[in-house]
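K.L.:
One structure, as structure tokens, below. Some questions next.
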Amino acid sequence: MSSSVLYMSMSLDGYIAGPNDEPGNPGGDGAAVERLHAWGYTVAGDVRRSGPAGELAEAMEATGAVLAGRRTVEQVDHWKGDHHGVPIFVPSHRPPGPSVASYPLVTYVTDGIASAMAQAKAAAGDRDVMVQGAYTAQRAIEAGVLDEMQIHQIPVLLGAGRRLFEVLQSRVELEIVRVIDTPEATHIRYRIHR
């Protein structure tokens, strides 16, 4: 059975993007997004394929579906309809814009996060569902449909920007499943208690 897993790089003070993170400025000001994701890329900009970063990249690419928030997918134009070749599900209160018609792997789900996750898990089969987007992660936690989180804790204090957990309705207990410590990041896998 598949699990739903949030994959997110985050500064020590809880930011996943710098200030002014918006469609024309994805990741925000101050090269925050580059700093937060440098652990996974070589100097040439290629995905690292060896060591702990390579193992984590392989795990992300082994997922069978993606569930991502509308804001996230629109900032990257739905990854041009191809996020490592798997179906992409977008929970949204509104139907998609016309550009989505060009991307057959992208499905907008307008009847709630639980329905979107059920569809993503069905599409993933026995593989995991990759979850992306802060707002979507928070709604998935509240709905009880997010199983785990893979947080890449980056040793930097950004001081401002977009936080991963800006507003949660209640306390959430977590179990640490795995910790991989490297000079670039501490990679912590959590299981969410229900």
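K.L.:
Given a Förster radius of 30 Å and the C-beta distance between Thr42 and Ala101 as r, what FRET efficiency does 1/(1 + (r/R0)^6) yield to the nearest 0.05?
P.N.:
0.25
K.L.:
Have a look at Trp79, Ser2, Val47 and report the one farthest towards the positive end of the charge dipole of the chain, computed about the Cα centre with Cβ charges (Lys/Arg +1, Asp/Glu -1).
P.N.:
Ser2
K.L.:
Could you work out how far apart the two model spin labels at Leu12 and Gln169 are, taking each label as a point 7 Å from the Cα in the direction of the beta carbon, and quote it in nm?
P.N.:
3.4 nm
K.L.:
Quick one: what are the phi-derived ³J(HN,Hα) couplings along the stretch 65-81, Karplus 6.51/-1.76/1.60 with θ = phi - 60°, whole Hz, x for glycine and proline?
P.N.:
6, 10, 10, 9, x, 4, 4, 4, 5, 6, 5, 10, 6, 6, 6, 6, x
K.L.:
Hey, another quick one. Arrange the peptides 173-179, 68-74 so that the one whose residues have, on average, the most other Cβ atoms within 10 Å appears first.
P.N.:
68-74, 173-179
K.L.:
For the stretch 107-144 and the stretch 148-162, what is the centre-to-centre distance using only Cα atoms, to the nearest Å?
P.N.:
Using only Cα atoms, the two centres lie 22 Å from each other.
K.L.:
How far apart, in nanometres, would the label points at Asp126 and Asn25 be if each is projected 7 angstrom from Cα along the Cα-to-Cβ direction?
P.N.:
4.7 nm
K.L.:
Starting from the amide H of Arg162, placed 1.01 Å from N in the peptide plane, find each other amide H under 5 Å away whose residue is 5 or more places distant or on another chain.
P.N.:
Ile16, Ala17, Gly18
K.L.:
To continue, here is another question. I need the peptides 101-110, 26-35 ranked by packing, meaning the mean over residues of other C-beta atoms within 10 angstrom, with the highest value on top.
P.N.:
Ranking the peptides 101-110, 26-35 by packing returns 26-35, 101-110.
K.L.:
Here is a follow-up. Give me the one-decimal nm value for the distance between modelled label points at Glu61 and Ala118, 7 Å along each residue's Cα-to-Cβ direction.
P.N.:
Using points 7 Å along Cα→Cβ, the separation is 3.4 nm.
K.L.:
Please label the shape of the stretch 76-128 as rounded, prolate or oblate, based on the square roots a ≥ b ≥ c of the eigenvalues of the alpha-carbon gyration tensor (a/c under 1.5 means rounded; beyond that, a/b larger than b/c means prolate, else oblate).
P.N.:
oblate
K.L.:
Could you state the principal axis extents of the C-alpha atoms in the stretch 1-91, from the largest down, to the nearest angstrom?
P.N.:
The Cα atoms of the stretch 1-91 stretch 39, 34, 25 Å along the principal axes, largest first.
K.L.:
In whole percent, what relative contact order does the chain give with Cα contacts below 8 Å and a gap of six or more residues?
P.N.:
Value for the chain: 31 percent.
K.L.:
Ok, one more. Of the candidates Leu12, Leu67, Leu157, which one comes out as most mobile in a Gaussian network treatment of the chain with C-alpha springs shorter than 10 Å?
P.N.:
Leu157
K.L.:
Moving to a separate point now. Counting only other residues whose beta carbon sits under 12 Å from that of Ile188, what net charge do I get with K and R as +1, D and E as -1?
P.N.:
Net local charge, Ile188 excluded: 0.
K.L.:
If you don't mind, there's one more thing I want to ask. Calculate the dipole size of the chain relative to its Cα centre from +1 charges on Lys and Arg beta carbons and -1 charges on Asp and Glu beta carbons; express the result in debye to the nearest 20.
P.N.:
It works out to roughly 300 debye.
K.L.:
So, with +1 on the Cβ of K and R and -1 on the Cβ of D and E, and no other charges, what is the size of the charge dipole of the stretch 120-194 about its Cα centre, to the nearest 20 debye?
P.N.:
The calculated dipole for the stretch 120-194 is roughly 160 debye.
Since every read-out is calculated from the coordinates, none of them should be taken as a lab result. Every value quoted in this text rests on a predicted model; they were computed, and no experiment measured them. All Cβ positions, glycine included, derive from the backbone under ideal geometry; neighbour counts span all protein chains shown.
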